[in-house]
Amino acid sequence: MSEIFRFSLGIGVLVYFLIVIHLLRLRLLDLKYTLLWLGAGLFMAVLVIWPEPISLLVNALGITLPVNGVFTIFIALILIIVMTLTSIVSMQTKRIKRLVQQLALLEHRIRELEERGE
């Protein structure tokens, strides 16, 4: 991996960290989700600082260019993040559905009590 490419990736990772921290300060990201993004950034930073494991992995997988290996690793990382966020959205959807049902039951109960009181 060329030094210019590593430097560019390093700048990109630094900007990435600054954006995540900025979103956390503005409270646009919840802390538990910020840890996921910071973990991904830390993984990227380690790969930029020590690219040798990428070369070993790329050679072991039979990929001819290290850049293709970098893209493959980042695509896998993005897939892991998307799957994690999808599971979070699924859990939140179930919770919202349950809360809406409970609210409907409570509203029905209130209407019944109001009708009895009149």
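Computed from the coordinates by the stated procedures, all read-outs in this text should not be read as laboratory data. As the structure is a prediction and not an experimental result, all values here were calculated from the model. All Cβ positions, even for glycine, are placed from backbone atoms using ideal geometry, and neighbour counts span all protein chains on display.
If you take the beta carbon distance between T86 and R27 as r and set R0 to 22 Å, what does 1/(1 + (r/R0)^6) give as a FRET efficiency, to the nearest 0.05?
For T86 and R27, the calculated efficiency is 0.45.
Say each of E3 and V100 gets a label point 7 Å from the Cα, pointing the same way as Cα to Cβ; how far apart are those two points in nm?
5.9
Along the principal axes of its C-alpha atoms, what lengths does segment 3-117 span, in descending order and rounded to whole Å?
Principal extents (largest minus smallest coordinate, Cα): 79, 33, 14 Å.
Which of these, T34, T93, T84, has the largest mean-square fluctuation under a Gaussian network model of the chain (Cα springs below 10 Å)?
So, out of T34, T93, T84, the one fluctuating most is T93.
Residues in segment 11-50 near a label at V67, defined as backbone nitrogen under 18 Å from the 7 Å Cα→Cβ point?
Answer for this model: 11-13, 48.
Could you work out how far the C-alpha centroid of segment 1-75 sits from that of segment 98-118, in angstrom?
52
Mind checking segment 1-92 for trypsin sites (Lys or Arg not before Pro) that DSSP puts in a loop (not H, G, I, E or B) and that have at most 13 other Cβ atoms within 10 Å?
For trypsin sites (Lys or Arg not before Pro) across segment 1-92 that sit outside H, G, I, E and B with at most 13 neighbouring Cβ atoms in 10 Å, the list reads R27.
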